[in-house]
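The values are calculated or read from the model by the stated rules, or taken from the named source; none is laboratory data. Predicted, not measured: the structure shown is a model, and the values here were computed from it. Cβ coordinates were reconstructed from backbone atoms using ideal geometry, including for glycine residues, and neighbour counts include every protein chain displayed. With ligands, DNA and RNA removed, areas are computed over all heavy atoms of the protein, side chains included. Shrake-Rupley method; radii C 1.70, N 1.55, O 1.52, S 1.80 Å.
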Amino acid sequence: MVKRVCAPVAGLVSLAVLPAWTSAQVFSQPVCSHPGENRTEIAGVPVVVDEHGEMHGGCMKALMAKRQAAAGGIVHEDAGMDYLDALQDTDCVHNNLDIEIVPSTRNISGSNTMTLLSRVDGLTQFTFRLRSQYVISSVVLNGVTTIPGSAITSTGTYGRIVNLDRAYNTGEQFTVRVNYSGIAQSVGLGSISFTTINNQTFVGSLSEPYFAASWWPCKDGDFGQSGDNSDKATLEIAITAPDNLVSVANGTLQGVDTRTGARKRYRWRATTPMATYLVCFGSHPYRQYDYTYTYPGGTMPFVIYISPGSDTANNRGVWARSLDMLAAFRQPFGEYPFVSEKYGIYQFSFGGGMEHQTMTGMGGGFGESITAHELGHQWWGDDVTCKTWNDIWLNEGFATYSEAIWEERKPGSSGLPALHAAMAARRPSNVSPTVYVYNTGNVNTIFSYNNSYQKGAWVVHMLRKYMGNDANFFGMLAAYRAAYSGSGATTEDFENVVSGYLGRDTSSFFRAWVYGGGAPSYAFGRQAAIIDGTPALRLSLRQTQATTSGDNGVFPMPIDVRLDTQGGGSSTVTLWNDARTEHYVIPLSAAFSEMNLDEFNWILNTGKTQETYVAGPAKIFRTTPAPGATTPIGQAPSQIRVAFSEGVTVTPSSFQLTGPGGAVPFTLSYDPATFVATLATGTLPGGDYSLRVLDTITTIASGQTLDGEVVGTTLPSGEGQAGGTGVIAFRVEAACAADFNGDGQPDFFDYLDFASAFAAEDPSADFNDDGQVDFFDYLDFSQAFAAGC
């Protein structure tokens, strides 16, 4: 859910596009912002107006909360109540909601029949929620047993407890029909509105997060509790209203019934289960526009319901861009989750947008970004829903990142430059708070645009970089959706998907960027060098943010470094940075000229400062043989050469060399001018070898021990910090038995040379090494020659 309105960039934001309750007195003048943006405040809430003239973020939701705070705040009406056990005891399978609305009196009456499944043995009670001003006339169990409303126990402002007709065991199903009526009262962020749009009647809902029960009886969690949005149900919803109103809701329209008394009844059905807070309706004299979304294998209706006073080609055109967005999101996210039903947009009275499943509510403005945001929610929020309100960033951060994905992939886009520009426009103004919501009792905290939306989107953006490439990132999203489609996920669930997909522990990333606050600031020093005849750059990198932020003061991320060389060459390397201080050595193709750290700002950071290079631990820069090398026949080495990145102190005990026969003796020499150690071994026989370069080696400049870890066959060695033995494995191919003359090529001349030696009874013809030249030597050589090498 995002709350934003469309307004001009220049000067003050136009008051005409704000909700009716917003007064001119709450505005202040725009203040400095990023290029292409204006920043202003409404009631003390920061608002960003981007280059498209759109307000960014949850500002309208925060505005609503500010307004309500001035009038006494969002009251925790059920203080101390906790329905978690009741939530876990049952699974709501289906809701059949049939209501009538009377705009003139604000009255709602009707019923909801809940189909429920017991998750426990011996279930004798069912707890549902319906605000206390509504009168329950009766509750009907299984369509048979009628319980008078007076027998329903009330607990707090919302809790209603019904005693069941018998005890139900795990897996048993039953129905509870609640017949009710009462005068609606809007609570929360505007849960049920009886108002006008363009001076014409509007009645509609916006239940998120806790307030569905302010207009219909349902199974839901209490205010301030984490809740469980994974309990989803299919839906039938019928709305009876004055016949001048068109009533829209989730799913697909089943029919319109003409009723007595100038009324009409609109019947809708959603076949894909949804969370309680996503159930919606809107009644207004809408104009309807029908479109068709064509996808591989079929078509789906896309419908716009717009207020007559807002019905312009431009406004419809912005919403109709959803057709392009559906196609653009299909590749990275998968097909639209509810393609068997529809996608619709309807205008409602709230000053922003709300991602009701299959039917987005829009109000206050007509903007491309908010249209992309709410559509993105259909994947991230509706199909896969944050299981608890602690995890709201899984909804809002992903939907905000969907805005940037649209900028990257929309027709005519520049691609990655557009993505990075979009993320720069969505940079949080305060990086200190956490993305994870620890206090679900504060609605402002849940829907903090800075934290849940902007910083949450940056976590998704950085995760894309963290995973190495787009194939990994979007593949992981597919795995996440496959695991939790039609359900709900926690941050821990999402983290487990990421770790499982990558095959490594990613908990430090989530501890730093989601559960922890802050963001990194970087200080770097560089030193150009010639190492073993190769141009190189020594780089020191420090994270200088407070040690109380991140994961014990550290924010792990891969970080790009663009390196320019003399003569105009340029290349980019990606370094792994997961400690407060790390050192790197980077070979170059030519002499170093300049560098740029995180050129495209993949990482949310608070600054990058150059400082004097500080010497770090030496690394293994190059070896001969190289890691993983195989020496050809006839070229067996007689020495091993190890070039370090800088001066070190070494002794023979700093190295261990083993081969097919065990430990291999060597003589060590070291050249302090070139940082090269040479291990003279004599010609090595064929076989597999392992050279261990021990981290007892000391770096002269810094006094630190060797940073020697070798990953695969990649050099220079190291993971950025002192300590770590390097292991260099290589192979020497054994001499070929048929290569009698030792020229590296077994051929006809080897046969002639052996025959000559055999005829002369030369000791070299003793092929089987039994001390005599005889027929068996000739036979053995002939067999070896026939076998080849």
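Here's a check for you: in region 250-298, which residue that is of a type in the set (F, W, Y) and under 33 Å from the mean Cα position of the chain (by Cα) is nearest to I392 (Cα to Cα)? Steps first, answer last, please.
Restricting attention to region 250-298, the residues satisfying the condition of being of a type in the set (F, W, Y) are 266, 268, 277, 281, 286, 289, 291, 293, 295.
Next, from what is left, pick out any that are under 33 Å from the mean Cα position of the chain (by Cα): 277, 281, 291, 293, 295.
Numbers: Y277: 13, F281: 23, Y291: 32, Y293: 29, Y295: 30 Å.
Filtering first and then ranking leaves Y277.
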Expected single match for surrounded by 15 or more Cβ atoms within 10 Å (Cβ to Cβ) and of a type in the set (A, V, I, L, M) among A722, A673 is A722
Log entry, pairs with first residue in region 105-134 being closer than 19 Å to N163 by Cβ, second being open to solvent by less than 40 Å² (accessible area, probe 1.4 Å) and small (G, A, S), beta carbons closer than 7 Å, six or more apart or on different chains, reads T127/A86; T127/G159; R129/G159; R129/A213; L130/A213
The one condition G568 fails out of (1) of a type outside the set (A, V, I, L, M); (2) open to solvent by 50 Å² or more (accessible area, probe 1.4 Å); (3) touching a residue at least 24 places away in the same chain (Cβ under 8 Å); (4) over 25 Å from I697 (Cβ atoms) is (3)
Over region 613-637, the set of residues touching an Asp or Glu at 6+ places or on another chain (Cβ under 7 Å), in a loop (DSSP other than H, G, I, E, B) and within 30 Å of T581 (Cα to Cα) is P617, A618, K619
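Considering region 518-533 alone, what residues qualify as being hydrophobic (A, V, I, L, M, F, W, C) and within 13 Å of N577 (Cβ to Cβ)?
Initial filter on region 518-533 (hydrophobic (A, V, I, L, M, F, W, C)): 519, 523-524, 528-531.
Hits for region 518-533 are A523, F524.
Looking at region 246-262, which of the residues that are buried (at least 22 other Cβ atoms within 10 Å of the Cβ) and not small (G, A, S) is nearest to T385 (Cα to Cα)? Write out each step before concluding.
Initially, region 246-262 is screened for residues buried (at least 22 other Cβ atoms within 10 Å of the Cβ), giving 247-251.
So of that shortlist, the ones also not small (G, A, S) come out as 248, 250.
On the way: V248: 23, N250: 16 Å.
Out of the qualifying residues, it is N250.
Based on what the data block shows, is D766 surrounded by 13 or more Cβ atoms within 10 Å (Cβ to Cβ) and free of Cβ contacts under 8 Å to residues at least 40 places away in the same chain?
On the way: surrounded by 13 or more Cβ atoms within 10 Å (Cβ to Cβ): yes; free of Cβ contacts under 8 Å to residues at least 40 places away in the same chain: yes.
Here the answer is yes, as D766 does meet what is asked.
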| Test for D231: is it farther than 18 Å from S205 by Cα and surrounded by 21 or more Cβ atoms within 10 Å (Cβ to Cβ) | yes
Going through (1) outside any loop (DSSP other than H, G, I, E, B); (2) farther than 25 Å from T581 by Cα; (3) open to solvent by less than 30 Å² (accessible area, probe 1.4 Å); (4) in contact (Cβ under 8 Å) with a residue 40 or more places away in the chain one by one, L684 fails only at (1)
Out of (1) surrounded by fewer than 15 Cβ atoms within 10 Å (Cβ to Cβ); (2) at negative phi, the one T698 does not meet is (1)
For T714, the lone unmet condition from (1) free of Cβ contacts under 8 Å to residues at least 40 places away in the same chain; (2) within 23 Å of A529 (Cα to Cα); (3) exposed (fewer than 15 other Cβ atoms within 10 Å of the Cβ) is (1)
In region 292-312, is there at least one residue being among the β-branched types (V, I, T), buried (at least 19 other Cβ atoms within 10 Å of the Cβ) and touching a Phe, Trp or Tyr at 6+ places or on another chain (Cβ under 6 Å)? yes
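Kindly check whether there is at least one residue in region 259-266 that is β-branched (V, I, T), in contact with a helix residue (DSSP H, G or I) (Cβ under 8 Å, 6 or more places away or on another chain) and in a loop (DSSP other than H, G, I, E, B). Please lay out each step first, then the result.
Narrowing region 259-266 to residues β-branched (V, I, T): 260.
Pick out the ones that are also in contact with a helix residue (DSSP H, G or I) (Cβ under 8 Å, 6 or more places away or on another chain) and you get none.
No; the residues of region 259-266 include none that is β-branched (V, I, T), in contact with a helix residue (DSSP H, G or I) (Cβ under 8 Å, 6 or more places away or on another chain) and in a loop (DSSP other than H, G, I, E, B).
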Within region 689-731, residues being over 25 Å from T631 (Cβ atoms) and out of contact with any Gly (no Cβ under 9 Å at 6 or more places or on another chain) number 4
Inspect region 690-707 for any residue being in a loop (DSSP other than H, G, I, E, B) and either closer than 20 Å to S782 by Cβ or touching a Lys or Arg at 6+ places or on another chain (Cβ under 7 Å) (or both) and give the result as yes or no. yes
Over region 194-232, the set of residues more than 34 Å from the chain's Cα centre (by Cα) and not in a loop (DSSP other than H, G, I, E, B) is F194, T195, T196, I197, Q200, T201, F202, V203
Checking G662, G607 in turn, the sole residue that is free of Cβ contacts under 8 Å to residues at least 24 places away in the same chain, farther than 24 Å from S717 by Cβ and open to solvent by less than 40 Å² (accessible area, probe 1.4 Å) turns out to be G662
A careful count of residues in region 469-493 that are within 21 Å of T272 (Cβ to Cβ), touching a helix residue (DSSP H, G or I) at 6+ places or on another chain (Cβ under 6 Å) and open to solvent by less than 10 Å² (accessible area, probe 1.4 Å) gives 1
*Does region 196-216 include one or more residues that are open to solvent by 10 Å² or more (accessible area, probe 1.4 Å), closer than 23 Å to R160 by Cβ, in contact (Cβ under 8 Å) with a residue 24 or more places away in the chain and of a type in the set (D, E, K, R)?*
no
Condition set surrounded by fewer than 22 Cβ atoms within 10 Å (Cβ to Cβ) and of a type in the set (F, W, Y), scope region 265-291, selection farthest from V248 (Cα to Cα): answer is Y291
